[in-house]
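Enquirer: Below is a structure I'd like to ask you about.
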Amino acid sequence: MLKIFAGFFSGIALVAIVGWNTAGGLMMTEHESPFGVEETAARIQANIQALSDHGWKLSGLRSPSVSVAAAGQNVPPVLLVEACSTKYSGPLLAEDATRILSILMPCTITVYKKDDGKTYVGTMNAGLMGKMFGSKVSSIMDKVAEDQKAFLSFDADKPAPPLIKTRPGGGKGAGGQELSGC
Amino acid sequence: MTLLKTISAALIASTMTLALAATGSSFAAVDSAPAATQPTLEQDAARALASSTADHTKFEALQADFKNGPEVTRACLGCHTEAAKQIHQTQHWTWEYRNPDTGQVLGKKHVINNFCTAVASNEDHCSACHIGYGWADREFDLTVEENVDCLVCHDTTGAYKKLPGLAGHPNYETMEWPPKSGRLRPPTDLKKVAQHVGKTSRKTCGACHFRGGGGDAVKHGDLDSSLETPARYLDVHMDAEGLNFNCAKCHVTDGHEVAGSRYGPTASDTNGVQVRGANTHRNPATCQACHGNGPHSGNAKLNDHTRKIACQTCHIPAYARGPRHTKMSWDWSTAGKLDEQGKRIRTRNSIGKVHYDSNKGHFTYDRYVIPQYQWFNGKVKYTLFGDRVDESGVVKINEFLGGPDDPDARIWPLRVFRGKQMYDKGLKTLAVLHTAGNDDTAFWKNHDWDKALTAGMKAVDAEYSGTMGFVETEMSWPITHMVAPKEDALKCEQCHTKKGRLAGVDGVYIPARDRIVFMDTVGFSVALLALISVLVHGAIRIFVSSRKKV
């Protein structure tokens, strides 16, 4: 009996350690972009608009790095492309049990620069996250994950589209900046 | 059976733990604060007047209705009798510098660059950034005192602007500016400007130095108009609400000679603090001139770094950190394409900057740019017109010299601007292009390479061979502005890692980037032996303990 308990708690400890170290990486995905920060964000926006038949609309463009710079600190550029599809969000918001998932809305894709000077795109692993909330959420999030792949599909032969500076709620950015911050 | 139960229990626990972990999340919020506020031109002028001992509005010589710039200069020289003579000795005036190390004759008048290629044949445009009037061609007389433009550096009104194409003059009549914009620029009120002169400012220096290469933030990367009223994060010295340094605070001026030049830069300064006013003949525009040789108080290890690393390497973690994007490359080889109606094409990138122009070719831009790093001892060798180039490789327009064994060399951050530009295939030399002007040979007028190159080469006394090609080029600048607050300096791990900032710099041992195989082998062997000893010791104790129970 002692050995069973020992094994049980060892298992918990082992998973806690492994989970602690890998959960972050599993929940997010990171891809290198061949373009600069603004052009990458603009291409993602164009891809989102191209999926309007899936209900997708741009809902904002934020720059948290602008807020941080306004507070006096140097950080590389970060742009948050926000989009929402009522086709996917509607069913989730309709029910009490899943309405809390509005915390994940709008769908946000982050574009940022790292110390190597390259641009990266980060997305939430929608497919994996969906699986944690039951079959209904999972089926919706699987579709979101599919669309996310399309958002990140870049055709370098196409000219760079303009960056659409959509302000969430139409308000002015933090610190009077051009883009909304955090 | 016991083992099976143990594994089952572990799996159940794992699933429960994962399910619990999945429900947790955390968010961080960042506060924001307003950026530096921008003083009005009137406030600037009032401040300038308050610190001056002369009110130029009261000067009789400045009551005239000046017709042109040289008339104003004549009035200035009535009191400031030696000013033009001093100016005539400076690089700002001559656009010429003889490098004592290499013997090369440099300066804007002579070098080739990978932007518009050269001043020669384009003087009437380029001289919008010359501190003189009338430099329209090579016949310009550099000895005439009235040709000195006092106002471009001493204006405090912000209303004085020298426009390209006017040979260094401001507009004296109403003119459309920018061309074909439909916007009319009224004649420059020379009297008002002349009556409101004062000390140089970030705005006056920036009128040229923030806009080199044809526009704001184009050329230097660490100098752009965001430095007119920068916030602290952008430049800790120039912070408009903090130290509020103007350019002359570091670039101390004596007899109109401004200290600090990219043609003769100081790569290392081991002479410590320089007392202002001391006649040392040293460059006062170095970090050490104010901060000394051991600026990191109480941190000997950081001070040690200064023997190999320029201050700028750590304290300017990136350039173009403000809101402006700097130009990163210029590809002339695609220039000259016109639309179906034979009209000029201009396309813009995602942020609205021109990324293709029939007149100029393709550009790329970037912001928050990580510099390149290399050894630099202050000596720069230029590829000048007439020097043979190897078209199979990348031509370095200027080469920064120095290596790890050179006591004067430090590891410096550089901005490297990449181009693809014209060269004369017959002469095997970089070519000079006549770009701007209203004549039939200017490339921006006719898009005819042969005509424009013939005219450009003629301006440097060469005969165009008739065959041209494009060659890849690089031009570098040491990064030295946009100094970040100390808390934003590079962190140890940004260099002390295998793929860190200094991954490409040879000749120096950097712990964590480099390894000594023998030392590593000994160290890891000791650690491994210790681990094995612990495991063996534990196993023996468990074994002995279980035997005792039996």
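The values are calculated or read from the model by the stated rules, or taken from the named source; none is laboratory data. Just so we're clear, the structure is a prediction, and the values are computed from it rather than from any experiment. Cβ: placed from backbone, ideal geometry, glycine included. Neighbour counts: every protein chain shown. To get the accessible areas, we keep the full protein, side chains included, count just its heavy atoms, and leave off ligands, DNA and RNA. Shrake-Rupley method; radii C 1.70, N 1.55, O 1.52, S 1.80 Å.
Enquirer: Which of the following residues is free of Cβ contacts under 8 Å to residues at least 60 places away in the same chain, within 14 Å of chain B (Cβ to nearest Cβ) and over 15 Å from the mean Cα position of the chain (by Cα): A:Gly55, A:Gly11, A:Gly90?
Expert: Working: A:Gly55 fails: within 14 Å of chain B (Cβ to nearest Cβ); A:Gly90 fails: within 14 Å of chain B (Cβ to nearest Cβ).
Only one candidate qualifies: A:Gly11.
Enquirer: Still on this structure: Any residue at all in the stretch A:28-49 that's open to solvent by 40 Å² or more (accessible area, probe 1.4 Å), in contact with a Gly (Cβ under 8 Å, 6 or more places away or on another chain) and closer than 20 Å to A:Met132 by Cβ?
Expert: Taking every residue of the stretch A:28-49 in turn, at least one turns out to be open to solvent by 40 Å² or more (accessible area, probe 1.4 Å), in contact with a Gly (Cβ under 8 Å, 6 or more places away or on another chain) and closer than 20 Å to A:Met132 by Cβ.
Enquirer: Just one of B:Pro323, B:Pro317 is within 14 Å of chain A (Cβ to nearest Cβ) and open to solvent by 50 Å² or more (accessible area, probe 1.4 Å); which is it?
Expert: Numbers: B:Pro317 fails: open to solvent by 50 Å² or more (accessible area, probe 1.4 Å).
The conditions single out B:Pro323.
Enquirer: Okay, moving on. Conditions first: (1) more than 30 Å from B:Ala50 (Cβ to Cβ); (2) open to solvent by 20 Å² or more (accessible area, probe 1.4 Å); (3) not basic (Lys, Arg). B:Ile112 passes all but one, so which condition is the exception?
Expert: Of everything listed in (1) more than 30 Å from B:Ala50 (Cβ to Cβ); (2) open to solvent by 20 Å² or more (accessible area, probe 1.4 Å); (3) not basic (Lys, Arg), B:Ile112 misses just condition (2).
Enquirer: Residue check: is A:Ala71 touching a residue at least 60 places away in the same chain (Cβ under 8 Å) and facing chain B (nearest Cβ under 9 Å)? Break it down stepwise before answering.
Expert: Numbers: touching a residue at least 60 places away in the same chain (Cβ under 8 Å): no; facing chain B (nearest Cβ under 9 Å): yes.
Here the answer is no, as A:Ala71 does not meet what is asked.
Enquirer: Also, I was wondering about something else. Residue by residue through the stretch A:14-52, note down the ones that are charged (D, E, K, R) and either within 9 Å of another protein chain (Cβ to nearest Cβ) or outside any strand (DSSP E or B) (or both). Reasoning before the result, please.
Expert: Residues of the stretch A:14-52 that are charged (D, E, K, R), as a first pass: A:30, A:32, A:38-39, A:43.
Of everything in the stretch A:14-52, those that are charged (D, E, K, R) and either within 9 Å of another protein chain (Cβ to nearest Cβ) or outside any strand (DSSP E or B) (or both) turn out to be A:Glu38, A:Glu39, A:Arg43.
Enquirer: Considering only the stretch B:378-403, state which residues are under 15 Å from B:Thr102 (Cβ atoms), part of a strand (DSSP E or B) and open to solvent by 50 Å² or more (accessible area, probe 1.4 Å).
Expert: Initial filter on the stretch B:378-403 (under 15 Å from B:Thr102 (Cβ atoms)): B:378-384, B:386-387, B:396-402.
Subset that is part of a strand (DSSP E or B): B:380-382, B:396, B:398-400.
Within the stretch B:378-403, B:Lys381, B:Lys396, B:Glu399 qualify.
Enquirer: While we're looking at this one, here's another question. So for the stretch B:291-314 (the condition being out of contact with any strand residue (DSSP E or B) (no Cβ under 6 Å at 6 or more places or on another chain), open to solvent by 10 Å² or more (accessible area, probe 1.4 Å) and among the β-branched types (Val, Ile, Thr)), does at least one residue qualify?
Expert: Yes, there is a match, as at least one residue in the stretch B:291-314 is out of contact with any strand residue (DSSP E or B) (no Cβ under 6 Å at 6 or more places or on another chain), open to solvent by 10 Å² or more (accessible area, probe 1.4 Å) and among the β-branched types (Val, Ile, Thr).
Enquirer: While we're on this one: Does any residue of the stretch B:315-327 turn out to be in contact with a Pro (Cβ under 7 Å, 6 or more places away or on another chain), closer than 21 Å to B:Ala248 by Cα, among the hydrophobic types (A, V, I, L, M, F, W, C) and modelled with pLDDT of 95 or more?
Expert: Looking for residues that are in contact with a Pro (Cβ under 7 Å, 6 or more places away or on another chain), closer than 21 Å to B:Ala248 by Cα, among the hydrophobic types (A, V, I, L, M, F, W, C) and modelled with pLDDT of 95 or more, one finds at least one in the stretch B:315-327, hence yes.
Enquirer: Do any helices (runs of 4 or more DSSP H) entirely within the stretch B:112-213 hold 2 or more residues that are assigned by TED's automatic domain parsing to the domain that holds B:Thr90, out of contact with any Ser or Thr (no Cβ under 9 Å at 6 or more places or on another chain) and modelled with pLDDT of 95 or more, and if so, which?
Expert: On the way: elements: B:123-126, B:151-154, B:190-195, B:202-209.
In the stretch B:112-213, the matching helices (runs of 4 or more DSSP H) lie at B:123-126, B:190-195, B:202-209.
Enquirer: Same structure again: Going by the structure shown, is B:Ala267 open to solvent by 50 Å² or more (accessible area, probe 1.4 Å), touching a Gly at 6+ places or on another chain (Cβ under 9 Å) and among the small types (Gly, Ala, Ser)? Steps first, answer last, please.
Expert: Values: open to solvent by 50 Å² or more (accessible area, probe 1.4 Å): no; touching a Gly at 6+ places or on another chain (Cβ under 9 Å): yes; among the small types (Gly, Ala, Ser): yes.
Considered against the rule, which asks whether it is open to solvent by 50 Å² or more (accessible area, probe 1.4 Å), touching a Gly at 6+ places or on another chain (Cβ under 9 Å) and among the small types (Gly, Ala, Ser), B:Ala267 comes out as no.
Enquirer: Same structure again: Out of the residues in the stretch B:333-358 that are open to solvent by less than 50 Å² (accessible area, probe 1.4 Å) and free of Cβ contacts under 8 Å to residues at least 12 places away in the same chain, state the one that is nearest to the other protein chains (Cβ to nearest Cβ).
Expert: It comes out as B:Ser350.
Enquirer: Filter the stretch B:420-470 down to residues that are charged (D, E, K, R) and part of a strand (DSSP E or B), then give me how many there are. Lay out the reasoning, then the answer.
Expert: First pass over the stretch B:420-470, keeping only residues charged (D, E, K, R): B:420, B:424-425, B:428, B:439-440, B:445, B:448, B:450-451, B:458, B:461, B:463.
Still in the running and part of a strand (DSSP E or B): B:420, B:424.
So the answer is 2.
Enquirer: I've got another one for you. List pairs: first in the stretch A:25-49 and in contact (Cβ under 8 Å) with a residue 24 or more places away in the chain and polar (S, T, N, Q), second part of a strand (DSSP E or B) and open to solvent by 20 Å² or more (accessible area, probe 1.4 Å), Cβ under 6 Å, 6+ apart or cross-chain?
Expert: Within 6 Å, the pairs are A:Gln45/A:Leu58.
Enquirer: Ok, one more. Checking B:Trp375 against (1) in the same structural domain as B:Asp461 (by TED's automatic domain parsing); (2) assigned to a loop (DSSP other than H, G, I, E, B); (3) surrounded by 21 or more Cβ atoms within 10 Å (Cβ to Cβ); (4) not small (Gly, Ala, Ser), which test does it fail?
Expert: It is condition (2) that B:Trp375 fails.
Enquirer: Could you grab me the full set of residues in the stretch B:214-234 that are part of a loop (DSSP other than H, G, I, E, B) and of a type in the set (Ser, Thr, Tyr)? Outline the logic, then answer.
Expert: Step one: of the stretch B:214-234, the residues part of a loop (DSSP other than H, G, I, E, B) are B:214-224, B:228-234.
Residues satisfying the conditions are B:Thr229, B:Tyr233.
Enquirer: Does any residue of the stretch B:359-370 turn out to be aromatic (Phe, Trp, Tyr), in a strand (DSSP E or B) and open to solvent by 20 Å² or more (accessible area, probe 1.4 Å)? Please lay out each step first, then the result.
Expert: Quick first cut of the stretch B:359-370, residues aromatic (Phe, Trp, Tyr) only: B:363, B:365, B:368.
Of the ones still in play, those that are also in a strand (DSSP E or B) are B:363, B:365.
Okay, now just the ones that are also open to solvent by 20 Å² or more (accessible area, probe 1.4 Å), so B:365.
Yes, the stretch B:359-370 contains a residue that is aromatic (Phe, Trp, Tyr), in a strand (DSSP E or B) and open to solvent by 20 Å² or more (accessible area, probe 1.4 Å).
Enquirer: Next question. Is it true that some residue in the stretch B:500-508 is part of a loop (DSSP other than H, G, I, E, B), open to solvent by 90 Å² or more (accessible area, probe 1.4 Å) and out of contact with any His (no Cβ under 7 Å at 6 or more places or on another chain)?
Expert: The first filter runs over the stretch B:500-508 and keeps only residues part of a loop (DSSP other than H, G, I, E, B), leaving B:500-508.
Filter once more, so that each one left must be open to solvent by 90 Å² or more (accessible area, probe 1.4 Å): B:506.
When the remaining residues are screened for being out of contact with any His (no Cβ under 7 Å at 6 or more places or on another chain), the result is B:506.
Yes, some residue in the stretch B:500-508 is part of a loop (DSSP other than H, G, I, E, B), open to solvent by 90 Å² or more (accessible area, probe 1.4 Å) and out of contact with any His (no Cβ under 7 Å at 6 or more places or on another chain).
Enquirer: Being touching a Pro at 6+ places or on another chain (Cβ under 9 Å), on the phi > 0 side of the Ramachandran plot and crowded, with 21+ Cβ neighbours inside 10 Å is true for just one of B:Gly69, B:Gly134. Which residue is that?
Expert: Details: B:Gly69 fails: on the phi > 0 side of the Ramachandran plot.
It is B:Gly134.
Enquirer: Kindly indicate the residue of the stretch B:471-499 that is surrounded by fewer than 17 Cβ atoms within 10 Å (Cβ to Cβ) and farther than 28 Å from B:Leu227 by Cβ and also nearest to the other protein chains (Cβ to nearest Cβ) among those meeting that condition.
Expert: Once the filter is applied, the top-ranked residue is B:Lys499.
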